[in-house]
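The values are calculated or read from the model by the stated rules, or taken from the named source; none is laboratory data. Nothing here was measured: the structure is a model prediction, and the numbers come from that model. Virtual Cβ from ideal backbone geometry, glycine too; neighbours counted across all protein chains shown. With ligands, DNA and RNA removed, areas are computed over all heavy atoms of the protein, side chains included. Shrake-Rupley method; radii C 1.70, N 1.55, O 1.52, S 1.80 Å.
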Amino acid sequence: MFSILGAGFAYPEGEISNEILRTLGGVSPSGTITTRRTALKLDYLLTERNADPKRGSTAFVQTPTDLTLRAALMAIEQAGIARSQIGMIIGATDTPLQVTPGESQRLGDRLVEKIDAFDVSSGLTTLASQMHALLHWKVERMPEYVLCVAASAPTQRVDYRSGIAGSYLGDGAYAFVVSKRHQGFLRVVHAEQRRVSAAREGFVLPLYGHIRMDQGAPQVIEELIANVLERRATTENALLICNAFEPASIAPLALRFGMSDMGVAEDLALFGHCLCAFPGAVLAKRAAQLNRGVRVCIALADYEGLGGIVELERC
Amino acid sequence: MRALAVLSNWNVVEGGTVLHILGIGFSHPTNVIDNPFIEQLNVGTNEAWILDKIGIRERRTSLPLSYISETRNQDAEQALAHAENTPHQLGVNAATMAMQRAGISPHQIGMVICNCCTPKEIYPSEAQRLADALGITAPVVDVFTACPAFALHCDYLDRFDESALPDYILALSTATLTQHVNYNDRSDGAIWGDGAAAWVVAPRARGRLKVLETYFASDPTRSQAVVVDTYGHFHQDGRAVRDFSVRQTVRLVKRLEEKFNLDWKRDIFIGHQANATMLEQICNNRDIPPQNHWHNVSYIGNQAGAGAPAVLGMHWDMMKPGQRIAVAVVGAGLSWGSVLLEVVS
C-alpha cells in the first residue's frame with residue numbers, strides 16, 4: 001500500500017489584493033479571485049511592478065525554498081517522524097533561483113540532513129509524475145519514508161504592468177511524507193501520466209523574462225483537464241482537485257464528471273494559482289479533514305498536451 | 001517473484017528488472033575554445049597552468065568566440081540571445097543518434113526522461129520540447145541532478161516495477177553551461193564545455209549493454225558547493241569539490257572492484273568528465289591503465305551530465321563482448337552514483 005502519512009503546504013504572507021492590482025494599473029483583476037499570495041516585498045511591487053524579473057529575484061521576503069521548507073516541516077510533523085528518518089527527497093520547482101542544484105537538494109540542505117535527493121518534475125502535472133514514479137517503484141527499492149515536495153513563486157515572473165498573469169498567479173508550496181511500508185491517512189490508489197492532446201498555445205514560462213499567458217489560456221487548460229477526465233472512468237462521487245485557473249470553472253467541471261470541488265475554487269480565490277505546487281497545496285490543506293472512505297481525484301493538464309491523474313482514498 | 005539482493009542504496013540486479021541500453025548518442029557544438037584563446041582573454045592563466053591543473057586542451061561551446069572575447073559573458077541572459085546552439089538542439093541530435101543505434105523509431109518510445117541544468121524555458125520544459133521535436137508523443141518527465149545524471153536515470157528506472165515501464169525509454173542529459181560561465185574567471189572558463197548525450201533503455205529487450213548494477217546518492221548539506229545561479233554564473237568551492245570528486249569516485253570504483261572482481265586489463269573505467277588531471281589521479285590510485293580509461297574531457301570540456309554517457313557513445317564501436325564498463329560520476333547536489341554495464345553483443 002502506498003500512502004501519505006503527512007501533508008504540508010505553505011503560502012507566503014504577502015497579499016496582492018484586487019485593490020493593489022488596480023493601484024498597479026496594468027492588470028485587471030479576474031472577477032472571482034480576490035487575493036493572491038506573493039513572496040515578494042509589496043513595496044517592490046508597488047514601485048517597480050516587477051518590470052525586471054531579475055530585480056524581482058532579489059526582492060523576496062521568502063524564497064521558493066523557504067516555502068518548501070515550511071511545507072516540509074508541516075508534513076514531517078504530521079507524519080510523526082524525525083527528519084533523520086526521511087530516506088529520500090523528490091523535489092520540483094518551476095521558478096528556481098538556482099538552475100543547479102535542484103529544489104530537493106536545496107531543501108535537504110535546509111533540513112540539514114544527508115538525504116538522497118533529486119528532482120522529478122513535469123510542469124503543471126508535476127504532482128502526477130512524482131506520485132506515478134513512487135507508486136510504481138518496487139517496495140524494496142524505496143526508502144521507508146520519502147518526502148515529496150514542490151514550490152512555485154510565479155509572482156517573481158509576472159509583469160504587473162500588463163497582461164492577465166498577475167490576476168491569476170500566486171506563490172506556494174506543498175510537501176508530502178509518503179511510504180509503502182507504513183499506512184498513512186491517504187492511500188494513493190492510482191497515478192498516471194499520458195498524452196491527452198496535441199500541444200496548445202497559451203502559457204510560456206521562460207528562464208528569463210516574464211511569464212506569457214494568453215487571454216484564452218484559462219479556457220485552454222479547462223478543455224485539457226476535461227480531456228484528462230474523459231479518459232478516466234472511475235471519477236464519480238469523488239472530490240475533484242484540478243489545476244484550472246478560473247475559480248468559476250471548477251464547479252461546472254466537477255459536476256460534468258459526477259464530482260464535487262474539493263476546495264479548488266476557494267483556494268484560487270484566496271491564494272491564486274501557484275503552478276506546479278497548486279494541486280498539492282490544495283490537497284495538503286484539506287486532506288486530514290476528509291471523512292474515511294472519501295475519494296479524491298486530482299486531474300492535471302499542461303499546455304504541451306500532457307495529462308496526469310492521481311486518485312486517493314481517505315483511510 | 002525472483003528475489004532481489006539490495007545492499008543499502010545499491011541495487012544488484014540478480015533477478016527482477018534487467019535494463020539494457022540499446023543505443024547511445026551524443027552531440028556537441030562546433031565552436032572550439034582552445035587554451036590559446038583563453039590565454040588571450042588575459043584573465044591570469046596560461047596553457048601550462050590549465051594543462052597542469054585541469055588537463056583540458058579544448059572545449060566545445062554554443063557561444064560565438066567573438067561574443068566571449070567582447071563581453072566575457074558578464075550577463076548570462078545575453079548568452080542565451082547570442083548562442084548558436086541550444087540544449088534542445090543538441091539533445092535532438094543526440095537522441096536521433098541513440099534511436100538510430102537502437103534501431104527504433106520515435107513512436108516506439110514510451111517515456112522520456114531528461115536532465116537539463118540550462119533550460120531556455122521552464123514551461124514548456126526541455127523534455128517536452130525535445131519530445132515534440134522528435135515526434136515523440138509519450139509522457140515526459142524531468143529527472144534532474146546535473147552532473148551524475150547517467151547514474152541517476154539508470155537508478156531511477158531500475159527502481160520501477162518492470163511491468164510499469166514501457167518497452168523503450170529515452171533518457172537524455174543536455175546542457176550549455178558555457179552560457180553560465182564568467183569568462184573573467186581564470187579557472188571556470190577553462191573547465192566548461194557544452195554537449196548532450198542520449199541513451200535508449202529497455203526493460204525487456206536485449207541490447208548492446210546490460211545494466212548489472214545502479215547506484216545513486218547525495219549529500220545535500222553540501223549542495224551550495226556547486227551552484228549555477230539562474231540570473232548569474234556558475235561558481236563552486238573549487239578545492240572542496242575537487243577533493244570530494246576524487247575521493248567519492250575512488251570509493252565508487254573500489255566498491256565495484258571488490259564486489260564484481262573487476263579486471264582493469266579488460267574492463268573499462270569512465271569517470272565524470274570534469275577534469276582530466278583528476279581522472280588521471282583516480283586511475284593511478286586504482287591502477288587503471290590508460291588504454292582502459294575512456295574519456296573525452298580533454299578536448300570537449302566538462303559537459304555536466306552528458307559527459308560520461310557521451311564517452312560511452314563515442315566508444316560504441318570499440319566495446320568488446322564480455323567487457324564490463326564501470327561508470328562512476330559525481331557532481332552538483334552534491335550527488336554521485338555509478339552504473340556497472342556489461343557488453344553483451
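Return the residues of the stretch A:272-293 that are open to solvent by less than 20 Å² (accessible area, probe 1.4 Å) and part of a helix (DSSP H, G or I); say none if nothing qualifies.
If the condition is that a residue be open to solvent by less than 20 Å² (accessible area, probe 1.4 Å) and part of a helix (DSSP H, G or I), then A:L275, A:C276, A:A277, A:F278, A:P279, A:G280, A:A281, A:V282, A:L283, A:A284, A:A287 are the ones that fit.
Somewhere in the stretch B:108-115, is a residue open to solvent by 10 Å² or more (accessible area, probe 1.4 Å) and not in a loop (DSSP other than H, G, I, E, B)?
Scanning the stretch B:108-115, I find at least one residue that is open to solvent by 10 Å² or more (accessible area, probe 1.4 Å) and not in a loop (DSSP other than H, G, I, E, B), so the answer is yes.
Taking the stretch B:116-136 as the search range and keeping residues that are small (G, A, S) and part of a helix (DSSP H, G or I), which one is farthest from the other protein chains (Cβ to nearest Cβ)? Spell out how you get there, then give the answer.
Of the residues in the stretch B:116-136, the ones small (G, A, S) are B:125, B:127, B:131, B:133, B:135.
Add one more test, that the residue is part of a helix (DSSP H, G or I), and what stays is B:127, B:131, B:133.
Values: B:A127: 8, B:A131: 8, B:A133: 11 Å.
This residue is B:A133.
Anything in the stretch A:205-227 that is in a strand (DSSP E or B) and either open to solvent by 30 Å² or more (accessible area, probe 1.4 Å) or of a type in the set (D, E, K, R) (or both)? List them, or say none.
Here is the first cut: in the stretch A:205-227, the residues in a strand (DSSP E or B) are A:205-206, A:212-213.
If the condition is that a residue be in a strand (DSSP E or B) and either open to solvent by 30 Å² or more (accessible area, probe 1.4 Å) or of a type in the set (D, E, K, R) (or both), then A:R212 is the only one that fits.
Somewhere in the stretch B:281-297, is a residue touching a residue at least 24 places away in the same chain (Cβ under 8 Å) and within 30 Å of B:E121 (Cα to Cα)?
Of the stretch B:281-297, the ones touching a residue at least 24 places away in the same chain (Cβ under 8 Å) are B:281-282, B:285-286, B:288-289, B:292-295, B:297.
Checking the rest, the ones that are also within 30 Å of B:E121 (Cα to Cα) come to B:297.
Checked the stretch B:281-297: at least one residue is touching a residue at least 24 places away in the same chain (Cβ under 8 Å) and within 30 Å of B:E121 (Cα to Cα).
Looking only at residues in the stretch A:16-34 that are closer than 20 Å to A:P279 by Cα and surrounded by fewer than 20 Cβ atoms within 10 Å (Cβ to Cβ), which one is modelled with the highest pLDDT?
A:T34
I'd like the residue in the stretch A:192-204 that is at the interface with chain B (Cβ under 7 Å from one of its Cβ atoms) and under 16 Å from B:G110 (Cβ atoms) and, out of all such residues, is most open to solvent (accessible area, probe 1.4 Å). Lay out the reasoning, then the answer.
Step one: list which residues in the stretch A:192-204 are at the interface with chain B (Cβ under 7 Å from one of its Cβ atoms), which gives A:193-195, A:199, A:203-204.
Filter once more, keeping what is under 16 Å from B:G110 (Cβ atoms): A:193-195.
On the way: A:Q193: 26, A:R194: 103, A:R195: 44 Å².
Here the residue is A:R194.
Which one of these is open to solvent by less than 10 Å² (accessible area, probe 1.4 Å) and at pLDDT below 95: B:T230, B:T249?
On the way: B:T249 fails: at pLDDT below 95.
Matching residue, one of B:T230, B:T249: B:T230.
Can you confirm whether the stretch A:124-131 contains a residue that is free of Cβ contacts under 8 Å to residues at least 60 places away in the same chain, surrounded by 24 or more Cβ atoms within 10 Å (Cβ to Cβ) and either among the small types (G, A, S) or touching a strand residue (DSSP E or B) at 6+ places or on another chain (Cβ under 7 Å) (or both)? Write out each step before concluding.
To start, the set of residues in the stretch A:124-131 that are free of Cβ contacts under 8 Å to residues at least 60 places away in the same chain comprises A:130.
Now narrow it down to the ones that are surrounded by 24 or more Cβ atoms within 10 Å (Cβ to Cβ): A:130.
Retained after the next criterion (residues that are either among the small types (G, A, S) or touching a strand residue (DSSP E or B) at 6+ places or on another chain (Cβ under 7 Å) (or both)): A:130.
Among the residues of the stretch A:124-131, at least one is free of Cβ contacts under 8 Å to residues at least 60 places away in the same chain, surrounded by 24 or more Cβ atoms within 10 Å (Cβ to Cβ) and either among the small types (G, A, S) or touching a strand residue (DSSP E or B) at 6+ places or on another chain (Cβ under 7 Å) (or both), which makes the answer yes.
Kindly evaluate B:D194 against the criterion of being of a type in the set (D, E), more than 14 Å from chain A (Cβ to nearest Cβ) and closer than 29 Å to A:Y208 by Cα.
Numbers: of a type in the set (D, E): yes; more than 14 Å from chain A (Cβ to nearest Cβ): yes; closer than 29 Å to A:Y208 by Cα: yes.
Answer is yes for this residue.
For a quick check of your reading of the model, give me the residue pairs whose first member lies in the stretch B:217-239 and is over 25 Å from B:R251 (Cα atoms), whose second is aromatic (F, W, Y) and outside any helix (DSSP H, G or I), with beta-carbon atoms closer than 6 Å and at least 6 apart or on different chains.
Correct list of pairs: B:V228/B:F234.
Looking only at the stretch A:228-246, count every residue that is touching a strand residue (DSSP E or B) at 6+ places or on another chain (Cβ under 9 Å) and surrounded by 18 or more Cβ atoms within 10 Å (Cβ to Cβ) and tell me the total.
Of the residues in that region, 11 qualify.
Any chance you could count how many residues in the stretch B:164-176 are open to solvent by 10 Å² or more (accessible area, probe 1.4 Å) and either within 17 Å of A:S121 (Cβ to Cβ) or modelled with pLDDT under 95 (or both)? Show your work before the answer.
From the stretch B:164-176, those open to solvent by 10 Å² or more (accessible area, probe 1.4 Å) are B:164, B:166-168; that's our starting set.
Still in the running and either within 17 Å of A:S121 (Cβ to Cβ) or modelled with pLDDT under 95 (or both): none.
Within the stretch B:164-176, residues that are open to solvent by 10 Å² or more (accessible area, probe 1.4 Å) and either within 17 Å of A:S121 (Cβ to Cβ) or modelled with pLDDT under 95 (or both) number 0.
For every residue, the table says whether it meets (1) surrounded by 19 or more Cβ atoms within 10 Å (Cβ to Cβ); (2) of a type in the set (S, T, N, Q); (3) without any contact (Cβ under 8 Å) to a residue 24 or more places away in the chain.
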{"position": "B:A81", "(1), (2), (3)": "no, no, yes"}
{"position": "B:E84", "(1), (2), (3)": "no, no, no"}
{"position": "B:H88", "(1), (2), (3)": "yes, no, no"}
{"position": "B:A95", "(1), (2), (3)": "yes, no, no"}
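What about A:V296, is it modelled with pLDDT of 95 or more and part of a helix (DSSP H, G or I)?
no
Can you list the helices (runs of 4 or more DSSP H) found entirely within the stretch A:92-185 that contain at least 2 residues being under 13 Å from A:T65 (Cα atoms) and at the interface with chain B (Cβ under 9 Å from one of its Cβ atoms)?
Numbers: elements: A:103-111, A:126-136, A:165-168.
In the stretch A:92-185, A:103-111 are the helices (runs of 4 or more DSSP H) which contain 2 or more residues that are under 13 Å from A:T65 (Cα atoms) and at the interface with chain B (Cβ under 9 Å from one of its Cβ atoms).
Quickly run through the stretch B:69-79 and pick out the residues that are open to solvent by less than 30 Å² (accessible area, probe 1.4 Å) and either touching a strand residue (DSSP E or B) at 6+ places or on another chain (Cβ under 6 Å) or outside any helix (DSSP H, G or I) (or both).
Taking the stretch B:69-79 first, the residues open to solvent by less than 30 Å² (accessible area, probe 1.4 Å) are B:73, B:76, B:79.
Scanning the stretch B:69-79 gives a single hit, B:N73.
Only one of these is part of a helix (DSSP H, G or I), under 19 Å from B:F144 (Cα atoms) and either in contact with an Asp or Glu (Cβ under 8 Å, 6 or more places away or on another chain) or open to solvent by 30 Å² or more (accessible area, probe 1.4 Å) (or both): A:T65, A:T47. Name it.
On the way: A:T47 fails: under 19 Å from B:F144 (Cα atoms).
Result of the check over A:T65, A:T47: A:T65.
Quickly run through the stretch A:79-102 and pick out the residues that are open to solvent by less than 10 Å² (accessible area, probe 1.4 Å) and in contact with a Ser or Thr (Cβ under 8 Å, 6 or more places away or on another chain).
Of everything in the stretch A:79-102, those that are open to solvent by less than 10 Å² (accessible area, probe 1.4 Å) and in contact with a Ser or Thr (Cβ under 8 Å, 6 or more places away or on another chain) turn out to be A:I89, A:I90, A:G91, A:A92, A:D94, A:T95, A:P101, A:G102.
Inspect all residues belonging to the stretch B:137-160 and state whether any of them is of a type in the set (S, T, N, Q), in a helix (DSSP H, G or I) and open to solvent by 10 Å² or more (accessible area, probe 1.4 Å). First the steps, then the outcome.
From the stretch B:137-160, those of a type in the set (S, T, N, Q) are B:137, B:145; that's our starting set.
Cutting the leftovers down to in a helix (DSSP H, G or I) gives us none.
Within the stretch B:137-160 (the criterion being of a type in the set (S, T, N, Q), in a helix (DSSP H, G or I) and open to solvent by 10 Å² or more (accessible area, probe 1.4 Å)), the answer is no, since none of the residues qualifies.
Counting only residues that are within 14 Å of chain A (Cβ to nearest Cβ) and not in a strand (DSSP E or B), which one in the stretch B:203-222 is surrounded by the fewest Cβ atoms within 10 Å (Cβ to Cβ)?
B:T221
Give the number of residues within the stretch B:45-68 that are part of a helix (DSSP H, G or I) and either under 22 Å from B:S298 (Cα atoms) or among the basic types (K, R) (or both). Walk me through it before giving the result.
Initial filter on the stretch B:45-68 (part of a helix (DSSP H, G or I)): B:47-53, B:65-68.
Checking which are either under 22 Å from B:S298 (Cα atoms) or among the basic types (K, R) (or both) leaves us with B:47-53, B:65, B:68.
Qualifying residue count, the stretch B:45-68: 9.
For A:L73, which of the numbered conditions (1) in contact with a Phe, Trp or Tyr (Cβ under 8 Å, 6 or more places away or on another chain); (2) of a type in the set (A, V, I, L, M); (3) open to solvent by 20 Å² or more (accessible area, probe 1.4 Å); (4) outside any loop (DSSP other than H, G, I, E, B) fails to hold?
Evaluating A:L73 over (1) in contact with a Phe, Trp or Tyr (Cβ under 8 Å, 6 or more places away or on another chain); (2) of a type in the set (A, V, I, L, M); (3) open to solvent by 20 Å² or more (accessible area, probe 1.4 Å); (4) outside any loop (DSSP other than H, G, I, E, B) leaves (1) as the failure.
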